[in-house]
Amino acid sequence: MSEIPIPAELIARLRGARRVAVLTGAGVSAESGVPTFREAQTGLWARYNPEDLATPDAFRRDPKLVWEWYAWRRERVRQAEPNPGHRALVALEQHIAEFSLITQNVDGLHRRAGSHQLIELHGNLFRAKCSSEDRPVENWPDGDEIPPRCPRCGGLLRPDVVWFGEMLPANALHAAQHAAASAEIFFSIGTSALVYPAAELPMIALAAGATVVEINPQPTPLSARVTYSLNGPAGAVLPALIAQAWEAA
Ligand code: BJW
């Protein structure tokens, strides 16, 4: 159980809420052993800055390096399991009439935990697309050639994720903006709130009059703006929030 004090007024508002939206970032998967984006990478990858690899330029310069980085990350995520923070968000979805879980994460752990109302803003590690035709590719050969080639046109395959300077999937972004604008309570959890347009979503919610709650052990540029800042790990704070709102009622 979390030792972070959760204001009684927030618990009461959550219990009465019909529309809740949640934005998650890499911090939610940290307790599953998946490194956050801006923490140092380990082992082989410690000398690379993730922000320099997650770009179309990096892929153009060295497609093999970028493909191998994503293959390494896929392997780490395959070995990871959803944690109590992911599972608490599944429980939250079950208590709220109109619920949206907007994630910047590409690891698929929310879906594996059992979340359904999910909006993936930055794509998914486990999908690939053709870098020439921009079409999704379901199955790709795991042969000698790295990156593998598109079975239709022979172009290089790339992960189906959103890199810096690329547009987010329009449907996902519109759904996220709508959820933020109509939420009574908006949570920003485990994100450094540095990357746009995701970082705008809590601002949209604030401007529309929502209660905005941040859950993060570290301060972010958003912290001074929110209604409640809960300074702790998501895997402890979220289960405590659910327990106090519904199990102790
Ligand atoms: C815990 C915890 C625990 C630890 N519990 N918490 C407006 C202003 C300025 C710049 C821009 C702007 N609009 C667009 C831009 C440019 C750019 C951008 O935002 N740059 C900024 C860096 C300044 N944005 C884009 O390019 C976007 N495209 C776009 O806007 O298109 C239109 C356009 C194009 C060109 C010009 C202008 C407009 C695309 C952004 C795509 C981001 N892609 C990535 C990679 C995805 C694939 C992959 O994973 O490899 O997405 S970058 C990376 O950052 C990844 C993440 O999803 C994203 C956010 O990171 P996140 O999740 O916040 O992780 P961290 O590591 O930063 O933070 C972790 C947090 O967890 C920390 O706070 C910890 O304290 C906390 N934590 N343990 C809770 N247990």
Relative to the compact-globule estimate 2.2 N^0.38 Å (N residues), the Cα gyration radius of the chain stands at a ratio of 1.04
Under the Karplus relation with 6.51, -1.76 and 1.60 and θ = phi - 60°, whole-Hz ³J(HN,Hα) for segment 173-187, x at Gly and Pro, equal 5, 5, 4, 5, 5, 5, 4, 5, 6, 10, 6, 7, 10, 10, 10
Between the modelled labels at Ala170 and Ala40 (7 Å from Cα along Cα→Cβ) the distance in nm is 4.4
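Near Ile119, within a Cβ-to-Cβ distance under 14 Å, what is the net charge of the other residues, with Lys and Arg +1 and Asp and Glu -1?
Taking every Cβ under 14 Å from that of Ile119, the sum is -2.
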Net charge near Arg38 (other residues with Cβ under 15 Å of its Cβ; Lys, Arg +1; Asp, Glu -1) is -2
Residues whose modelled amide H sits under 5 Å from the amide H of Phe187, counting only those 5 or more places away in sequence or on another chain, are Ala21, Val22, Leu23, Val213
Ordering 89-102, 145-158 by per-residue average of other C-beta atoms within 10 angstrom, highest first, gives 89-102, 145-158
Leu65 and Phe126 label points (each 7 Å along its Cα→Cβ direction) are spaced in nm at 2.9
Computed on Cα atoms, Rg of segment 14-109 relative to 2.2 N^0.38 Å comes out at 1.31
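Suppose the chain between Trp140 and Tyr228 were pulled fully straight at 0.36 nm per residue; how much longer would it get relative to their current alpha carbon spacing?
27.1 nm
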Residues other than Val90 with Cβ under 12 Å of its Cβ, Lys/Arg counted +1 and Asp/Glu -1, net out at +2
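Quick note: the coordinates plus some simple rules give every number you see, no bench work behind them. Remember, it's a predicted structure, so these values are computed and weren't measured experimentally. A quick note on method: Cβ atoms are made from the backbone with ideal geometry, for glycine too, and the neighbour counts reach across all protein chains shown.
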